[in-house]
């Protein structure tokens, strides 16, 4: 249960904003015209959930209302904060509440459509409110820089659209990106050979460092590759890798095979239900845009099984 708000100003304001007549008049008086013109004043629903941090609930009264707009199904949330003292970072705090409202809305509706959220603050303090209401002012000297990049479409680096030679032009990042680009191919040995050829300058300078180890482990964890072919290719391509290291890689293959056998042996009862649950979770994560390799790590499923499940659902 939320803690009781001890601030008397918050208590009064919150009690007033539960009265439908007060709510309507407040919105008619204070909302900008472009919002008033599209919202349905006959459908204004106070939201019961609090979106503020737990440690602030004794000090702050957050009020959230949902309504219809444009005479068709949809959601507009109006977030109202009351302040009896100036708050320098209120713009950032409101942003966090807005994101929380959007997140809760998506979980509740099970749709990947964000609702509109409009923040407001009512202030009745005795001090002049001299703080900016523009969140960009909180970035200080970086204000103009952030105005150029914040709220813009995010940058998509689609490895499948980048030529291999351009990727490999950068040694360390290039090898990693090239590996990620081709990791789902059926025949990974040619890809592995290309990667090992590119890795040789790194091996010559640093030996078998953690970077190379991570590259090789990625082939094992995510790719579909024959154990013996993998070991032979690595052994003939790298000069500093020793037998112990190869045995460690081979052990990873063995454990993967045992895990696959356990999964293939699930045919009934609780284990079958668990496996189905994993697959359902995997599809939900994929539908929400998560990378297959990440899904595999979270669910314990194999990457190729997730890929097959994705293709099955698509058909």
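Can you name the strands (runs of 3 or more DSSP E) wholly within the stretch 55-167 that have at least 3 residues being in contact with a strand residue (DSSP E or B) (Cβ under 9 Å, 6 or more places away or on another chain), over 30 Å from residue 178 (Cβ atoms) and at pLDDT 90 or above? Break it down into steps so the answer makes sense when it comes.
Values: elements: 62-69, 72-83, 116-123.
Qualifying strands (runs of 3 or more DSSP E): 116-123.
For the subset of the stretch 108-124 comprising residues that are surrounded by fewer than 13 Cβ atoms within 10 Å (Cβ to Cβ) and within 29 Å of residue 36 (Cβ to Cβ), which member is farthest from the chain's Cα centre (by Cα)? Outline the logic, then answer.
First pass over the stretch 108-124, keeping only residues surrounded by fewer than 13 Cβ atoms within 10 Å (Cβ to Cβ): 108-113, 124.
Within this subset, residues satisfying the condition of being within 29 Å of residue 36 (Cβ to Cβ) are 108-109, 111-113, 124.
Working: 108: 17, 109: 18, 111: 15, 112: 13, 113: 15, 124: 38 Å.
Across the stretch 108-124, the extreme among qualifying residues is 124.
Whether any residue in the stretch 130-142 is surrounded by fewer than 16 Cβ atoms within 10 Å (Cβ to Cβ), within 30 Å of residue 224 (Cβ to Cβ) and under 25 Å from the mean Cα position of the chain (by Cα) is what I want to check.
No, the stretch 130-142 has no match at all.
Identify, please: which residue in the stretch 233-255 is surrounded by fewer than 12 Cβ atoms within 10 Å (Cβ to Cβ) and in a loop (DSSP other than H, G, I, E, B) and is, among those, modelled with the highest pLDDT?
Here the answer is 239.
In the stretch 145-170, how many are surrounded by 12 or more Cβ atoms within 10 Å (Cβ to Cβ) and farther than 19 Å from residue 293 by Cβ? Outline the logic, then answer.
Restricting attention to the stretch 145-170, the residues satisfying the condition of being surrounded by 12 or more Cβ atoms within 10 Å (Cβ to Cβ) are 146-147, 159, 162, 164, 167-168, 170.
Pick out the ones that are also farther than 19 Å from residue 293 by Cβ and you get 146-147, 164, 168, 170.
Result for the stretch 145-170: 5.
Of everything in the stretch 168-179, what is part of a helix (DSSP H, G or I) and without any contact (Cβ under 8 Å) to a residue 40 or more places away in the chain? Give them in sequence order. Please lay out each step first, then the result.
Filtering the stretch 168-179 down to residues part of a helix (DSSP H, G or I) leaves 171-179.
If the condition is that a residue be part of a helix (DSSP H, G or I) and without any contact (Cβ under 8 Å) to a residue 40 or more places away in the chain, then 171, 172, 173, 174, 176, 177, 178 are the ones that fit.
In the stretch 11-29, what count of residues is obtained for those that are surrounded by 16 or more Cβ atoms within 10 Å (Cβ to Cβ) and at pLDDT below 85?
First pass over the stretch 11-29, keeping only residues surrounded by 16 or more Cβ atoms within 10 Å (Cβ to Cβ): 13-14, 17, 23, 26-27.
Keeping just the survivors that are at pLDDT below 85 gives 13-14, 17.
Number of matching residues: 3.
Within the stretch 188-232, work out how many residues are assigned to a loop (DSSP other than H, G, I, E, B), within 33 Å of the chain's Cα centre (by Cα) and modelled with pLDDT of 80 or more.
To start, the set of residues in the stretch 188-232 that are assigned to a loop (DSSP other than H, G, I, E, B) comprises 188, 207-209, 223-226.
From what is left, the residues that are within 33 Å of the chain's Cα centre (by Cα) are 188, 209, 223-225.
With the extra rule that they be modelled with pLDDT of 80 or more, the set shrinks to 188, 223-225.
Number of matching residues: 4.
Pairs under 9 Å by beta carbon, first residue outside the structural domain of residue 178 (by TED's automatic domain parsing) in the stretch 142-167, partner modelled with pLDDT of 95 or more and part of a loop (DSSP other than H, G, I, E, B), six or more apart or different chains?
Once the first residue is outside the structural domain of residue 178 (by TED's automatic domain parsing) and sits in the stretch 142-167, its partners that are modelled with pLDDT of 95 or more and part of a loop (DSSP other than H, G, I, E, B) give 143/134.
Mind listing whichever residues of the stretch 150-168 are more than 13 Å from residue 195 (Cα to Cα) and more than 19 Å from the chain's Cα centre (by Cα)?
Quick first cut of the stretch 150-168, residues more than 13 Å from residue 195 (Cα to Cα) only: 150-163, 166.
Within the stretch 150-168, 159, 160, 161, 162, 163, 166 meet the criteria.
The values are calculated or read from the model by the stated rules, or taken from the named source; none is laboratory data. Predicted model, so just to flag it, every value in this text is computed and none were measured. As a convention, Cβ positions derive from the backbone with ideal geometry for all residues, glycine included, and neighbour counts pool all protein chains shown.
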